[in-house]
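Okay, structure first, notes after.
The values are calculated or read from the model by the stated rules, or taken from the named source; none is laboratory data. Note that the coordinates shown come from a computational prediction; the quantities given were computed from them, not determined experimentally. Positions of Cβ are backbone-derived with ideal geometry, glycine not excepted, and every protein chain shown enters the neighbour counts. Surface areas here come from the heavy atoms of the whole protein model, side chains and all, with no ligands, DNA or RNA. Shrake-Rupley method; radii C 1.70, N 1.55, O 1.52, S 1.80 Å.
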Amino acid sequence: MGFKRLEAEDFLVSADAVSSTVWSGNQPTLNNFFTSSAQVGDRSGDYYYAVYQSTPSAADSEVQFDIAFADKDGRGSLAYNSDVSTTLSYSRTIYGQYRSLVLEDENSNFSFGGVTTNQYFYVISINRARYKEKLLPGSLSLGLRLGGRSLQLTDNSKDVTLPTFYGTQRAFELISGSGGTAYDGRGYAGAGGESSTIGSYGLFLPDSSTIILNGAALDNSTYGLALSTNLSANTDGLNPGKLFSAISTGGSFTLNSEETITSDFVFIRSRNSEFNYSENPSFISGSTGEVVYDYFINNPQVYPTTVGLYNDSNELLSVAKLSRPIQKNFTKESLIRIKLDF
């Protein structure tokens, strides 16, 4: 066994981005959508609808994402207590939740492509179990259909140099297009996207796995779906169900996740003069401590198979096994690269 102290240049830290599918079963595209009548009819159904990839009673059924409706003035949902206030409702709570999460300012309004007049929207929140770190910009493709109207939405990550930032959180505009690129103009819900009073179709927030859909854009009969969002006060407008129907009929929801894997590389270098002798009993005489074969005194032949990493207290921290023994003598040098993933 031989020891060698590692220097600073023997260590390297590398970060690589790895993408993978989001949906259960490693499916790149979700084509079938189901809700649970028990969940929708329960108290949680007042806040959101959970969407599954198969019948909720099936053994492999898992929640893929949730759909919620938010309105700044609390419209489109029942009030908690109409005797106290008709505006303190579920939709207002959802709005405040995402305003704090996204804008990080309870006095700000959402902006969809620069338009701030429409303060009601739908939220698609990807289930946390579906990904490890964040969503991948440019991978979103959401098909929506209602009657004879259809939309194909993506984010504009490939059309912009830099995303919008809310605090440290990235935000991309939702546009009409595919693969992160607009079909026409900027892809907004307006005349060529340049003079719209509606703005974009929403926001894509990859770092918080959230998709916000501009309600006014979906309601628009020219550029949207004519979704007919219910904005009556103290009324269960069943708005999440309307977006679910559009998604289910659209039948195509593609999305990938992205994970940054940090790797520590350790380079173990053995020069020609190092690690050429062994303490193996077949190499050294146990009684005299001499090299058994005189030939090996000036021309030793050893075959390292294992590298151990020790701390300054001589405690073994980790062991790396080579795929095969390597020959080492005075005429050969070796470089072993050890990769540690976290």
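Odds and ends about this structure:
- Close pairs from segment 244-268: first within 29 Å of Phe121 (Cβ to Cβ), partner open to solvent by 20 Å² or more (accessible area, probe 1.4 Å) and acidic (Asp, Glu), Cβ under 8 Å, at least 6 apart: Ser257/Glu133; Glu258/Glu133; Glu259/Glu133
- Residues that are of a type outside the set (Ser, Thr, Tyr), under 25 Å from the mean Cα position of the chain (by Cα) and in a helix (DSSP H, G or I) within segment 236-254 comprise Pro240, Leu243, Phe244, Ala246, Ile247, Gly250, listed in sequence order.
- Criterion applied to Ala50, Ala58 was being touching a Pro at 6+ places or on another chain (Cβ under 9 Å) and either among the hydrophobic types (A, V, I, L, M, F, W, C) or surrounded by fewer than 17 Cβ atoms within 10 Å (Cβ to Cβ) (or both), and the one residue passing it is Ala50.
- Of all residues in segment 73-117, exactly one satisfies the criterion of being among the acidic types (Asp, Glu), in contact with a strand residue (DSSP E or B) (Cβ under 7 Å, 6 or more places away or on another chain) and farther than 15 Å from Thr229 by Cβ, namely Glu104.
- One residue alone among Asp66, Asp73 is in a loop (DSSP other than H, G, I, E, B), at pLDDT 95 or above and in contact with a Ser or Thr (Cβ under 7 Å, 6 or more places away or on another chain), and that residue is Asp73.
- Given (1) more than 30 Å from Ser100 (Cα to Cα); (2) among the polar types (S, T, N, Q); (3) open to solvent by less than 40 Å² (accessible area, probe 1.4 Å), index of the condition Ser24 fails: (1)
- Selection within segment 256-271: residues that are of a type outside the set (Ser, Thr, Tyr) and surrounded by fewer than 17 Cβ atoms within 10 Å (Cβ to Cβ). The member of this set that is nearest to Val22 (Cα to Cα) is Glu259.
- Selection of segment 100-128 for residues being charged (D, E, K, R) and without any contact (Cβ under 8 Å) to a residue 24 or more places away in the chain yields Asp105, Glu106.
- Listed by first and then second residue, the pairs with beta-carbon distance under 9 Å, at least 6 apart or on different chains, first residue in segment 1-21 and under 22 Å from Thr306 (Cβ atoms) and assigned to a helix (DSSP H, G or I), second open to solvent by less than 80 Å² (accessible area, probe 1.4 Å) and charged (D, E, K, R), form an empty list.
Let's see how each residue does on (1) loosely packed, with under 14 Cβ neighbours inside 10 Å; (2) under 30 Å from Ser200 (Cβ atoms); (3) polar (S, T, N, Q); (4) at pLDDT 90 or above:
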position	(1), (2), (3), (4)
Ala216	no, yes, no, yes
Ala246	no, yes, no, yes
Thr254	no, yes, yes, yes
Ser273	yes, no, yes, no
Asn280	yes, no, yes, no
Ile284	no, no, no, no
Asn298	yes, no, yes, no
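- Qualifying residue in segment 31-42 (condition: in a strand (DSSP E or B), closer than 25 Å to Thr210 by Cβ and either modelled with pLDDT of 90 or more or open to solvent by 70 Å² or more (accessible area, probe 1.4 Å) (or both)): yes
- When segment 313-342 is limited to residues that are open to solvent by 80 Å² or more (accessible area, probe 1.4 Å) and within 31 Å of the chain's Cα centre (by Cα), the one that is modelled with the lowest pLDDT turns out to be Phe342.
- Whenever a residue of segment 169-185 is farther than 19 Å from Ala216 by Cα, its partners that are modelled with pLDDT under 90 and open to solvent by less than 50 Å² (accessible area, probe 1.4 Å), lying with C-beta atoms within less than 6 angstrom and at least six residues away or across chains, give the pairs Gly185/Gly192; Gly185/Gly193.
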